[in-house]
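Contents: one structure, followed by commentary.
The values are calculated or read from the model by the stated rules, or taken from the named source; none is laboratory data. This structure is a prediction, so every number in the text was calculated from the model and none was measured. Positions of Cβ are backbone-derived with ideal geometry, glycine not excepted, and every protein chain shown enters the neighbour counts. Accessible surface areas use protein heavy atoms only, side chains included; no ligands, DNA or RNA. Shrake-Rupley method; radii C 1.70, N 1.55, O 1.52, S 1.80 Å.
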Amino acid sequence: MRRTVEAIVVVHVHNHPHVLLLQIANSFFKLPGDYLQPGEDEIEGLKLRLNKQLSRVLATTDAGEPLFEGANDWDIRECIGQWWRTNFESFLYPYLPAHITRPKENKKVFLVLLPPQRTLWIPRNLKLMAVPLFEIYENSSRFGNQISAIPYLLSRFNFVLQ
């Protein structure tokens with residue numbers, strides 16, 4: 001089974017919560033994150049994917065591994081949602097149907113707080129957008145089912161703006 005981790009990064013713009021989304025081309029949006037390797041820890045894997053997608057590479061080690069700026073300062077909180085892919089199709093369910101014994105994918109979404117004074121570095125083929133929650137709410141035609149469900153997932157949190 002393929003495992004995927006993604007981050008809901010909430011930022012405040014003009015005293016209103018926004019979610020950071022990566023835009024690919026003109027109409028495809030996704031959350032930061034990606035697939036995990038077999039046996040890889042979810043939290044450490046999400047930190048590595050966030051570093052690869054949103055951090056600047058400072059140098060490389062002797063083994064060729066990249067060293068990222070602020071690699072360990074991601075504040076990953078709890079898992080706030082998960083979806084299941086039952087077959088090799090694009091639709092994901094917010095639950096595992098009872099008749100499925102071997103799902104093809106499990107996607108977990110974690111709440112991630114952006115560290116203070118964090119500088120984000122985005123690859124040239126991507127565009128980072130801070131999208132307000134009211135624009136995402138019930139807008140599955142533009143953002144898809146999983147992203148349009150984010151306001152529901154975040155509704156149990158109380159955001160204190162400072």
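The table below lists the values:
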item	result
Karplus 3J(HN,Hα) series, Hz, for segment 110-116 with 6.51 cos²θ - 1.76 cosθ + 1.60 (x for Gly, Pro)	10, 7, 10, 8, 6, x, x
Karplus 3J(HN,Hα) series, Hz, for segment 121-130 with 6.51 cos²θ - 1.76 cosθ + 1.60 (x for Gly, Pro)	10, 10, x, 4, 7, 10, 10, 8, 10, 9
Charge dipole of segment 1-111 about the Cα centre (unit charges at C-beta), most positive-ward option of Val19, Phe68, Pro97	Pro97
Accessible surface of segment 2-155 [probe 1.4 Å, protein heavy atoms]: carbon and sulfur percent	51 percent
Antiparallel DSSP beta bridges within the chain, percent to nearest 5	75 percent
Heavy-atom accessible area order for Met129, Met1, largest first, 1.4 Å probe	Met1, Met129
Projected-area mean, segment 2-155, by convex hull of Cα positions, square nanometres	10.7 nm²
Within the chain: Cβ-based charge dipole about Cα centre, in debye rounded to nearest 20 (Lys, Arg +1; Asp, Glu -1)	400 debye
Prolate/oblate/rounded call for segment 5-46, Cα gyration tensor, a/c under 1.5 rounded	oblate
In order through segment 73-83: 3J(HN,Hα) via Karplus (6.51 cos²θ - 1.76 cosθ + 1.60), integer Hz, x for Gly, Pro	9, 6, 9, 8, 9, 8, 6, 10, x, 8, 10
Mean accessible surface per residue for the chain, computed with a 1.4 Å probe while every protein chain stays in place, in Å²	60 Å²
